[in-house]
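Taking it in order: structure first as structure tokens, then the write-up.
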């Protein structure tokens, strides 16, 4: 297959977008952004300061005063324009995401489609939820109704692994509900976030409804924004460590929050599973998107009677996994998003070996001809992993598969529920409906997969994470309307 053309080799100097204007200059500090497949600079990013924070808050607050009163059908029309833009610019946005993040073109195209689905879901939520509820003659002469009202401006913090998808998990819903936003993306891939704002300029949103700042590796500017009394709350996808601190801050400030954190996800292969199909599910679940998916797994629990056959199938197909630049359509796995991310995964693997795990497939030595400077790791399979090891408890966030041999379903559920306090996802591969039903009911996680390696719900379902994988009152995606809207009841007597 062909190596497709990059949208640009360099995207210039990226600046904040506040009150409908790109605010370049101003003597801001700038950071460099790199294509992870090449370790080559593709942009400079201006880092926002306290003045930008104040300007963004003022713009979002001022815009909210009028945006909240725009008829909801008109706001739905804006969302329709946004959906059309994403559809028309689908390939462009996907290729930009490959350059900036490192994923394959297939994954990037899928991400843009997920954004479209979230916009569609936001439109649907408006028409199905925004209308409220009413009861006439609740008592003699008394009518009662419940109204939904937009809350205010929100800070939206998006992560380095899913910059576009995370944007779509909050922003279309906020805008549709009548709220305004300040988006503060991860420093890891600012070009992707910048591209979303540039293409959506065609939608003609009023100035200040959607604002963009870049804060680099610090949190001070984000904290200043959240502490401002004009900001109603925050939508966050990132690490549980930062999420806990953010949740505590929101509690102190009395702010609304939807905070999505880390996971330690598991795939269970039962002894009645087809070994070849199971190996394919696990390969996608552990190595897809270079192991950087929120719902990806690195712990694979395998029952003893199928273990040997399954491991041989998995090692065989994983060894053939093609690693390379994502704009090559034959590539099955791209690089890690940052050099720091690659080094962290390498340290994770090394720690596992020191703890006593055996390495059956080592991806650390992978070389991609023509891209020797890229942040590449190949599929890595560790065996002899025991549940008390660090690598069995914490997330690798890379293309790592920990094979853990177990006795059966009861032990697997115990590991999933008690070996870690994360509650993101778990999958079971089985031919037994009874086993699947027990697994669904007993696993204390928010997203379950049956005969799947990645339990990705569609946009019109929430991302149902639990325990240390989520903090707050409303989940992301369609459930976020409960973050952006508040209820008001009206009791009337006219008789």
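No lab work stands behind these numbers, since they all come straight from the coordinates. Because the structure is a prediction, the values reported are computed rather than measured. Glycine also receives a Cβ, built like all others from the backbone with ideal geometry; neighbour counts cover every protein chain displayed.
Give me 23, 4, 403 sorted ascending by neighbouring Cβ count inside 10 Å, so fewest comes first. Could the numbers behind the result be given before it?
Details: 23 19, 4 16, 403 23.
Placing the least packed residue first, the sequence is 4, 23, 403.
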Inset, instruction - When a/c is below 1.5 the answer is rounded, else prolate if a/b is larger than b/c, else oblate, so apply that to the chain with a ≥ b ≥ c taken from the square roots of the Cα gyration tensor eigenvalues. - result: oblate
Inset, instruction - On a 0 to 90° scale, report how tilted helix 275-287 is relative to the longest principal axis of the chain, with both axes built from alpha carbons and the result rounded to the nearest 10. - result: 50
Inset, instruction - Using only Cα atoms, locate the centre of the range 144-194 and the centre of the range 436-490, then give the distance between them in Å, rounded to an integer. - result: 17
Inset, instruction - State the Cα centre-to-centre distance between the range 195-245 and the range 331-346 in whole Å. - result: 26
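Compute the length gained on full extension between residue 418 and residue 451: take 0.36 nm times their separation in residues and subtract their Cα-Cα distance, giving the result in nm to one decimal. Can you show the working numbers first?
Details: separation 33, 0.36 × 33 = 11.88 nm, distance 2.28 nm.
Full extension of this stretch gives 9.6 nm more.
Exposure proxy check: 90, 266 ranked by fewest other beta carbons within 10 Å?
Values: 90 16, 266 28.
Ranked by crowding around the Cβ, least crowded first: 90, 266.
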Inset, instruction - Write down the percent of antiparallel bridges among all DSSP beta bridges whose residues are both part of the range 266-450, to the nearest 5. - result: 10
Legend entry - the range 266-450 - Rg and Dmax from Cα coordinates, angstrom: 15.8, 50
Inset, instruction - Considering only DSSP beta bridges where both residues belong to the chain, give the percentage that are antiparallel (nearest 5). - result: 45
Legend entry - Calculated FRET efficiency for the pair residue 330/residue 87, C-beta based, R₀ 30 Å, to 0.05: 0.70
Legend entry - Helix-only mean residue ellipticity at 222 nm for the chain, each DSSP H run of n ≥ 4 adding -39500 (n - 2.57), per residue, nearest 500: -12500 deg cm²/dmol
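Grab the Cα-Cα distance for residue 134 and residue 44, subtract it from 0.36 nm times how many residues apart they are, and report the gain in nm with one decimal. Let's see the in-between values first.
Values: separation 90, 0.36 × 90 = 32.40 nm, distance 5.30 nm.
Gain in length upon complete extension: 27.1 nm.
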Legend entry - Inter-label distance for residue 491 and residue 113, nm, one decimal - labels placed 7 Å from Cα along Cα-to-Cβ: 5.1
Legend entry - residue 146 versus residue 466: modelled label distance in nm, points set 7 Å from Cα along the beta carbon direction: 2.5
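Taking the Cβ of each residue in 286, 250 as the centre, tally the other Cβ atoms inside 10 Å and list the residues starting with the fewest. Write down the numbers at each step before the final one.
Details: 286 29, 250 21.
Lowest to highest Cβ neighbour count: 250, 286.
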Legend entry - Virtual spin-label span in nm between residue 346 and residue 442, 7 Å along Cα→Cβ: 4.2
Inset, instruction - Go ahead and collect, in residue order, the members of the range 343-376 whose backbone nitrogen is under 19 Å from a label point 7 Å along the Cα-Cβ direction of residue 407. - result: none
